[in-house]
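As structure tokens, the structure follows; a few thoughts come after it.
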Amino acid sequence: MLKKLNLIAAAVNTVLVTGAIGASSVFAQSTADAKPVERIQVTGSKIKRFNLTSPTPVTVISGVEMENQGITNVNDLLAEMPQATVGLSPETTTNTIYASGLNTTDLRGLGSERTLVLVNGRRFVPGSVGDTAVDLNNIPTTMIERIEIATGGAAAVYGADAVAGVVNIITKKSMDGIELDVSTVRPEQSGGEQNNFSITGGMEGDKLSFIASFNYTENKSYGKLSRDFYRNPVNSYANPANTSGDDGIPSRVVLGQPTGLAYYSEGGDFFTKDAFADNGYDNHHYTFDANGNLKPFDYGLGRIPNPGVGRDATSYFQDGQNQGDGVFGHGYKDYFQTPLERMIASAYGTYELNDDHALTFDFTYSKTDATTESSPAFFRHTIRRDNAFVKSDMAKVMDDNGLTSVTLRQANENLWGDRAYNQEREVFRTSIGAEGILNDDWGYSAYAQFGRIEQDTLWTGEVLTQNLANSIDAVEYQGNVVCAKRNADGEVIGAIEGCTPFNTMGATSATQAQLDYIATDATRFAQHDQAVFAVTVDGALFELPAGYVAAAFTAEHRRESATITPSENMEKGLIFGNSSSPMDGEIDVNELSAEISIPLLEETFLTTDLTLETAFRYMDYSVTGEDNAWKIALNWGVTDELRLRLNRSKSVRAPNLGDLFTPNSKTFSSGRADVCRADSIAESGSKYKDNVIKNCQAAGLPQGWMPSEEWLAGGSLPGYIQGNQDLKNETSNDYTIGVIYTPEFIEGLDLTLDYWSFEIDDAIEYYGRDNVKLCYESTSLDNLFCNNVERDSKTGEITNFYNRPINAATVAIKGIDVESAYRTELFSGDLALKLTATYLIEDNNNSTGRAEDFRTDVGETASPRWKGRFNAVYSHDDSAYVLTMNYRHATVNDNDWTIEDNNYNDIPSYTTFDFMYKTYLMDELQLRVGVNNILDREPPRNPFTYDDGEFFDVKGRRLSLGAKYTF
């Protein structure tokens with residue numbers, strides 16, 4: 001039979017409890033006087049159990065372990081776990097707009113959208129409007145009891161998006177007293193400092209127990225030029241020694257490069273011939289001095305040999321810049337880390353109604369401010385021959401070359417400054433719940449939860465594009481310099497009222513009157529609401545000879561909605577680049593799930609216990625319709641030392657609100673490639689050439705068709721980013737086979753080995769302008785890609801492409817996880833060693849479903865064969881010494897490259913070491929001091945990695961100091 005267990009006692013005594021405060025009935029021993037045995041819940045299942053064994057691999061990281069390493073953001077730890085990689089971080093969002101400063105995790109490298117992050121077993125508000133990935137900035141580390149990482153499909157238990165697995169963050173439920181914690185991080189090189197402050201307090205009463213926390217964090221930015229290795233960049237150039245494609249000599253090599261790159265000059269520059277004509281750029285590249293006078297462009301020391309097709313060995317590619325007229329490209333001013341400021345207030349509480357029932361509540365409020373900078377609004381201005389500001393020297397050059405206009409390139413920073421994006425995000429989440437015991441056999445848990453994120457984005461330094469074009473087209477008219485009003489033939493017929501003429505040629509800056517006409521700010525407000533209602537009952541169905549058949553049944557309703565409201569100048573596309581349309585989307589989900597745990601054998605030959613685990617979840621989405629997920633697993637205790645586990649499951653990922661409802665947002669694609677052009681077909685060596693010819697003709701384009709010169713001269717190809725409500729759910733089939741070994745002859749040693757595999761079909765992918773190529777290379781025009789291409793019905797020219805998501809990709813990934821832990825007494829203290837590693841066997845993807853688009857990425861930068869993490873902790877009296885090592889195996893930039901391509905494909909292995917010392921000066925006062933990246937390892941010296949902050953440490957060696965006072 002089942003005996004009751006005091007609710008609060010269960011919460012206090014529980015070692016591993018997920019979800020709400022461990023209210024549950026418990027399995028009792030068969031003897032009448034036996035004491036209740038507490039059941040616990042492990043991530044990956046909603047059935048509470050006697051022990052921690054689970055058929056799903058679960059890695060547990062305690063809050064103490066995080067403190068021992070000076071972790072102040074959950075993602076800093078998860079990014080170093082071999083099972084995970086960085087999703088988004090302040091180091092990878094320095095040039096983004098709506099995601100600046102986000103911290104998301106990515107299990108198995110399958111994408112943050114396929115990793116489900118839970119807090120106490122429940123969904124959390126997404127970090128960005130329209131998305132599902134959780135911003136880990138919103139979860140205070142001082143409230144974390146532990147983190148459980150369940151790798152393997154878990155959609156049958158938790159719902160869609162748990163494809164790669166679940167990160168379940170278990171918070172503290174109560175405390176008695178108050179803790180003050182302060183810490184700071186100081187890099188050896190300037191910039192990137194971090195300051196943290198938190199106060200956490202609570203009480204544990206007979207009826208009411210609660211904990212509350214306030215956290216403040218400031219991450220200061222640091223520019224790329226603040227780091228030594230970036231001031232000595234690595235680039236590649238055409239190899240003058242290369243003779244052919246099969247001579248064993250690389251076509252491109254790494255050469256020493258002067259600091260800086262030539263970019264558009266401050267005063268503007270232009271060409272009178274094709275930039276690649278004759279001898280590089282020589283003799284037809286001009287710029288202006290400070291007075292606006294024309295002069296040849298000076299490359300200083302930046303002449304770089306660049307032989308190529310149709311050139312000899314004396315040709316030069318003069319893009320290098322050192323002591324010449326070019327200026328630093330804006331990339332040299334980019335951040336390595338986005339400046340970020342965050343504040344979090346959170347609380348959790350339990351009120352015991354009686355021995356069998358309790359009410360729970362939790363609350364989180366978070367505010368994050370992050371700012372990113374971008375290049376100034378960049379243009380290639382058209383300067384006509386009749387422009388009032390064209391001086392005689394420039395007029396002569398234009399006349400001598402038969403030019404009626406030139407295209408002026410310019411570093412516009414000195415005209416109206418950089419663009420900046422300020423992102424303010426506010427997150428609110430609260431839930432109330434009830435849980436307890438229904439009878440001797442069954443317990444329950446129910447909750448209602450509401451969450452909201454508001455994103456308020458402000459753009460500064462934007463430019464009204466038409467106004468700028470008007471002001472630059474300045475002419476003399478009726479004795480005055482005015483903004484030209486022209487007819488269809490380009491003739492000046494008057495002046496544009498209210499327009500202030502603007503001369504950008506020469507080292508000049510805009511006047512206030514000019515800025516008033518061309519400059520503007522833009523705003524965008526977005527909101528995402530999430531409401532969840534769920535109830536779970538769990539307990540014993542009946543008893544078998546090997547034990548009780550346990551079950552958990554859940555009903556859940558979830559509603560997600562998102563709205564976007566851009567400013568008028570964004571909505572109408574009046575500003576440079578970032579246009580946006582209003583959005584209003586909603587998803588409703590109804591779900592039913594059942595889990596059953598069936599004990600098959602107990603204490604027989606080669607079996608201490610054998611349990612069959614099953615789960616099934618029915619899902620009904622308002623947009624994508626009905627779907628399901630399931631799991632079947634075996635948990636086999638062979639001996640007291642050896643345990644085997646097998647898990648097979650089907651999971652799904654549902655398209656998020658952004659995938660479905662993203663409104664039209666303007667985008668551009670460089671160049672005007674069109675596979676239907678006669679010259680493109682003639683030069684094509686593609687195996688799809690016949691398909692292209694057939695499909696282009698079927699689209700109404702005659703043989704030999706070419707677009708007009710005006711279309712070809714248009715530069716970039718216009719397009720739109722847009723959602724797709726015809727998407728369906730992704731499907732993942734995965735399995736794991738694992739061994740757990742705890743040898744009795746080596747006390748304190750635990751070994752775990754798990755083989756895992758994922759195969760994802762109908763993966764959602766965005767294709768951009770590749771839709772054009774994929775449309776016509778298909779067997780017919782009846783394909784998903786052609787829906788994203790629009791042509792003019794008369795001319796046949798492409799007018800737009802749509803970057804809509806499509807269910808067309810497949811992913812296959814498999815590997816082995818190894819984990820070992822060893823604990824022993826050493827001298828008068830305790831030594832704990834822990835090693836976790838992942839060996840990647842396969843990482844294949846096919847972005848289109850076509851056989852020839854199959855790629856294997858294992859061994860490339862994002863997918864190293866081995867990733868490992870070693871942690872050693874020696875504790876003695878009131879002190880602890882912590883050493884952590886992180887390892888990445890050697891990789892390559894591209895598996896398809898050979899020595900014929902370049903001499904920089906290989907990237908060496910990468911290892912960093914961190915150290916932390918923690919001690920108590922008194923019972924109430926703890927001090928921490930540590931050093932991260934002790935050896936000051938820089939990113940590998942390679943054109944593709946020397947400034948890579950996603951996979952390598954770009955901050956450098958840094959000192960960490962912290963103190964905690966408890967009273």
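For the reader, a short list of remarks on this structure follows.
- Hey, N871 among the polar types (S, T, N, Q), surrounded by 14 or more Cβ atoms within 10 Å (Cβ to Cβ) and without any contact (Cβ under 8 Å) to a residue 24 or more places away in the chain or not: no
- Residue within region 877-889 that is in contact (Cβ under 8 Å) with a residue 24 or more places away in the chain, surrounded by fewer than 16 Cβ atoms within 10 Å (Cβ to Cβ), among the hydroxyl-bearing types (S, T, Y) and touching a strand residue (DSSP E or B) at 6+ places or on another chain (Cβ under 7 Å) present: yes
- Taken over region 458-477, the criterion of being surrounded by fewer than 23 Cβ atoms within 10 Å (Cβ to Cβ), among the aliphatic types (A, V, I, L, M) and farther than 24 Å from N422 by Cα is satisfied by A469, V475.
- Entry remark, region 798-835: residues being farther than 29 Å from N664 by Cβ and either surrounded by 20 or more Cβ atoms within 10 Å (Cβ to Cβ) or among the charged types (D, E, K, R) (or both) number 9 in total.
- Residues that are over 12 Å from the mean Cα position of the chain (by Cα), part of a loop (DSSP other than H, G, I, E, B) and of a type in the set (A, V, I, L, M, F, W, C), drawn from region 119-139: F124, V125, V129, I139
- Those residues of region 794-846 which are assigned to a strand (DSSP E or B), under 30 Å from E759 (Cβ atoms) and among the basic types (K, R), in sequence order: K814
- Taking the conditions (1) among the polar types (S, T, N, Q); (2) buried (at least 24 other Cβ atoms within 10 Å of the Cβ); (3) closer than 25 Å to M885 by Cα in turn, N138 satisfies each one other than (3).
- G585 vs. criteria within 22 Å of A526 (Cα to Cα), among the small types (G, A, S), crowded, with 18+ Cβ neighbours inside 10 Å and in contact (Cβ under 8 Å) with a residue 24 or more places away in the chain: yes
- Residue in region 493-504 that is modelled with pLDDT of 90 or more, of a type in the set (S, T, N, Q) and over 30 Å from E571 (Cβ atoms) present: yes
- Count of region 703-712 residues which are modelled with pLDDT of 90 or more and within 19 Å of R672 (Cα to Cα): 4
- Residue-level analysis places T171 among those that are within 17 Å of F210 (Cα to Cα), more than 23 Å from the chain's Cα centre (by Cα) and not charged (D, E, K, R).
- Within region 214-235, if we keep just the residues that are farther than 15 Å from D953 by Cβ and in a loop (DSSP other than H, G, I, E, B), the residue that is modelled with the highest pLDDT turns out to be K220.
- D489 being free of Cβ contacts under 8 Å to residues at least 40 places away in the same chain and either surrounded by fewer than 21 Cβ atoms within 10 Å (Cβ to Cβ) or of a type in the set (D, E) (or both): yes
- Close Cβ contacts (under 6 Å, 6 or more residues apart or on different chains) running from residues in region 786-813 that are closer than 16 Å to G849 by Cβ and in contact (Cβ under 8 Å) with a residue 12 or more places away in the chain to residues that are of a type in the set (G, A, S) and buried (at least 20 other Cβ atoms within 10 Å of the Cβ) comprise A809/A763; V811/A763.
- Qualifying residue in region 717-728 (condition: buried (at least 16 other Cβ atoms within 10 Å of the Cβ) and of a type in the set (D, E, K, R)): yes
- Sole residue being free of Cβ contacts under 8 Å to residues at least 60 places away in the same chain and closer than 30 Å to D247 by Cβ, chosen from N933, N942, N905: N905
- Restricting A546, A594, A555, A540 to those that are farther than 30 Å from R653 by Cα, hydrophobic (A, V, I, L, M, F, W, C) and surrounded by fewer than 18 Cβ atoms within 10 Å (Cβ to Cβ) reduces the list to A546.
- Taken residue by residue, region 264-275 has at least one member that is closer than 28 Å to G949 by Cα and either modelled with pLDDT of 80 or more or surrounded by 20 or more Cβ atoms within 10 Å (Cβ to Cβ) (or both).
- Among (1) over 22 Å from E950 (Cβ atoms); (2) at pLDDT 95 or above - the single one T142 does not satisfy: (2)
- Counted as qualifying within region 893-967 are the strands (runs of 3 or more DSSP E) with 2 or more residues that are within 23 Å of T85 (Cα to Cα) and not hydrophobic (A, V, I, L, M, F, W, C), namely 910-922.
- For first residues located in region 382-411 and under 17 Å from H284 (Cβ atoms), partners that are assigned to a strand (DSSP E or B) and among the basic types (K, R) and lie 6+ apart or on another chain with Cβ distances below 9 Å form the pairs D393/K295; T404/R384; S405/R384; V406/R384; T407/R380; L408/R380; R409/R380.
- Selection within region 62-103 - in contact with a strand residue (DSSP E or B) (Cβ under 9 Å, 6 or more places away or on another chain) and either of a type in the set (D, E) or on the phi > 0 side of the Ramachandran plot (or both): E65, E67, G70, E80, E91, G101
- Only listed residue being closer than 30 Å to E613 by Cα, touching a residue at least 24 places away in the same chain (Cβ under 8 Å), touching a strand residue (DSSP E or B) at 6+ places or on another chain (Cβ under 7 Å) and assigned to a strand (DSSP E or B), chosen from A522, A550: A550
- Candidate set: region 616-648, residues that are among the small types (G, A, S) and buried (at least 16 other Cβ atoms within 10 Å of the Cβ); chosen: the one farthest from the chain's Cα centre (by Cα): G637
- The set of residues from region 236-253 being part of a loop (DSSP other than H, G, I, E, B) and either of a type in the set (S, T, Y) or in contact with a Leu (Cβ under 7 Å, 6 or more places away or on another chain) (or both) comprises T243, S244, S251.
The values are calculated or read from the model by the stated rules, or taken from the named source; none is laboratory data. On a predicted model such as this, the values are computed, not experimentally measured, just so you know. Using ideal geometry, Cβ is built from the backbone for each residue, glycine included, and neighbour counts are taken over all protein chains shown.
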